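The values are calculated or read from the model by the stated rules, or taken from the named source; none is laboratory data. Predicted, not measured: the structure shown is a model, and the values here were computed from it. Methodologically, a virtual Cβ is constructed for each residue, glycine included, from the backbone with ideal geometry; neighbour enumeration extends over all protein chains shown.
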């Protein structure tokens with residue numbers, strides 16, 4: 001599995017989403033993707049308590065620790081490479097988390113219009129390039 005080119009939704013170099021906890025389909029801290037990434041884990045989102053509760057409600061519990069998988073569980077404020085479809089679903093329900101556009105892979109645009117991502121954008125001071 002080789003990642004696609006690391007380009008963000010703004011056309012620039014993809015920046016790191018988060019390393020504590022380490023996120024991404026490749027667990028490299030970025031929202032890189034490839035053809036094997038069936039869920040399109042391309043949206044760099046900042047978790048909120050509201051979104052985590054919503055995600056658990058719709059069947060994807062991201063907040064409960066799963067030590068058997070090396071997963072400590074996410075909490076409010078954690079950055080995470082979110083599935084594009086789940087983000088869009090949450091946006092339609094009015095509970096999407098904020099997004100770091102410079103750390104969101106351009107493949108997210110296959111599922112989510114840029115104007116929706118921009119509506120949830122947050123400043124990305126201090127982000128590093130991949």
Counting only helices (runs of 4 or more DSSP H) entirely within region 44-130, those with at least 1 residues that are in contact (Cβ under 8 Å) with a residue 60 or more places away in the chain and within 26 Å of residue 12 (Cβ to Cβ) are 114-119
Counting only residues in region 1-25 that are surrounded by fewer than 19 Cβ atoms within 10 Å (Cβ to Cβ) and in contact with a strand residue (DSSP E or B) (Cβ under 8 Å, 6 or more places away or on another chain), the one modelled with the lowest pLDDT is identified as 4
Scanning region 26-59 residue by residue, those modelled with pLDDT under 95 and touching a strand residue (DSSP E or B) at 6+ places or on another chain (Cβ under 8 Å) turn out to be 28, 39
For region 62-85 the number of residues that are in contact with a helix residue (DSSP H, G or I) (Cβ under 7 Å, 6 or more places away or on another chain) and surrounded by 14 or more Cβ atoms within 10 Å (Cβ to Cβ) is 4
Of the residues that make up region 98-117, is at least one surrounded by fewer than 22 Cβ atoms within 10 Å (Cβ to Cβ), more than 15 Å from the chain's Cα centre (by Cα) and either farther than 24 Å from residue 5 by Cα or at pLDDT below 95 (or both)? no
